[in-house]
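The next block holds one structure in the form of structure tokens; read it before the comments.
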Amino acid sequence: MSVAVASFAVFAASQVGTPGPANMALMATGARFGFRAALPFVAGVALGKQLVIWPVGYGLMELAARAPWVFEMLKYISAAYIIWLAWKVANMRLGTTREAGSAPGFLAGLIVHPLNPKAWAMIVGGFTAFVAPGTATLEATLTIALVLLGCQVFLHPLWTLAGDAIARTVAGTAYEPYLMWTLATLTVASVLFVLFGGGT
């Protein structure tokens, strides 16, 4: 297959499910305002990644055809950045503070991923590591877009629903470091598998 869908799905789930700017915002919104009030924000966050995927996909696939060495270099740069993010996640601790104000809406959610460096690195990593050379641009971009959207539709609401529970039951306890290190380890393992395990 031109796109390693199964491998990318594991990678995408580990990235979408890992604490980062978007998931921290979703968790905080759910904890502060409740799941129902946060739904427009959740929808915006999920759809906002598409604003990055399609331009990046078409640009990168064109670049791969014209300069394969640049494509290969981006693969290792994005992998290194994601591993660095995993280290930050491993040492991150969940916050318990709640901000006053009205619940953010759809438009606020829509701009989260375009402004999120982790989202850009994840998408670049997806195209450079899981798409075989010569894959049609539309096929590659559509596959990456659908897999990421599927992960987001499933995982983003979970972060929102579990926001209050996570903040109250995990933050500040002896279990919190183990949770964060587990999430970080899954991220690093997926990246190493792609780089050294023959994944494309």
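The values are calculated or read from the model by the stated rules, or taken from the named source; none is laboratory data. None of the values given here were measured: they were computed from a predicted structure. Quick reminder, even Gly has a Cβ in these numbers, built from the backbone with ideal geometry, and neighbours come from all protein chains shown.
On the stretch given as the stretch 50-76, residues that are modelled with pLDDT under 80 and surrounded by 15 or more Cβ atoms within 10 Å (Cβ to Cβ) total 7. Residues of the stretch 17-49 that are over 21 Å from residue 122 (Cβ atoms) and among the basic types (Lys, Arg): 32, 36. If the condition is being more than 14 Å from residue 52 (Cα to Cα) and either in contact (Cβ under 8 Å) with a residue 60 or more places away in the chain or assigned to a strand (DSSP E or B) (or both), then the stretch 124-139 contributes 128, 129, 130, 131, 132, 133, 134, 135, 136, 137, 139.
Among the aromatic types (Phe, Trp, Tyr), at pLDDT below 75 and part of a helix (DSSP H, G or I) - does that describe any residue in the stretch 177-189? No. Only a single item in (1) modelled with pLDDT under 85; (2) under 14 Å from the mean Cα position of the chain (by Cα) is not met by residue 159, and it is number (1). Among the residues of the stretch 38-73, the ones that are under 13 Å from residue 144 (Cα atoms) and either touching a strand residue (DSSP E or B) at 6+ places or on another chain (Cβ under 6 Å) or touching a residue at least 60 places away in the same chain (Cβ under 8 Å) (or both) come to 11 in all. Against the conditions (1) touching a residue at least 24 places away in the same chain (Cβ under 8 Å); (2) of a type outside the set (Gly, Ala, Ser); (3) part of a helix (DSSP H, G or I), residue 142 satisfies every one except (1). Consider the stretch 14-28 and keep the residues that are not polar (S, T, N, Q) and not in a loop (DSSP other than H, G, I, E, B). The one that is nearest to the chain's Cα centre (by Cα) is 16.
I'm checking my understanding of the structure. Among residues of the stretch 80-103 that are at pLDDT below 75 and farther than 19 Å from residue 159 by Cα, which one is surrounded by the fewest Cβ atoms within 10 Å (Cβ to Cβ)? Applying the filter and picking the extreme gives 100.
When residue 147 is tested against (1) modelled with pLDDT of 90 or more; (2) surrounded by fewer than 21 Cβ atoms within 10 Å (Cβ to Cβ), only condition (2) is not met. Going through (1) farther than 24 Å from residue 53 by Cβ; (2) at pLDDT 80 or above one by one, residue 198 falls short only on (2).
For the structure I just gave you, tell me whether residue 117 is modelled with pLDDT under 75 and surrounded by fewer than 21 Cβ atoms within 10 Å (Cβ to Cβ). Here the answer is yes, as residue 117 does meet what is asked. Scanning the stretch 1-13 for residues that are out of contact with any Leu (no Cβ under 8 Å at 6 or more places or on another chain) and either more than 18 Å from residue 144 (Cβ to Cβ) or in a helix (DSSP H, G or I) (or both) turns up 5, 6, 7, 8, 9, 10, 11. Considering 46, 31, the condition of being buried (at least 18 other Cβ atoms within 10 Å of the Cβ), modelled with pLDDT under 90 and not in a loop (DSSP other than H, G, I, E, B) is satisfied by 31 alone.
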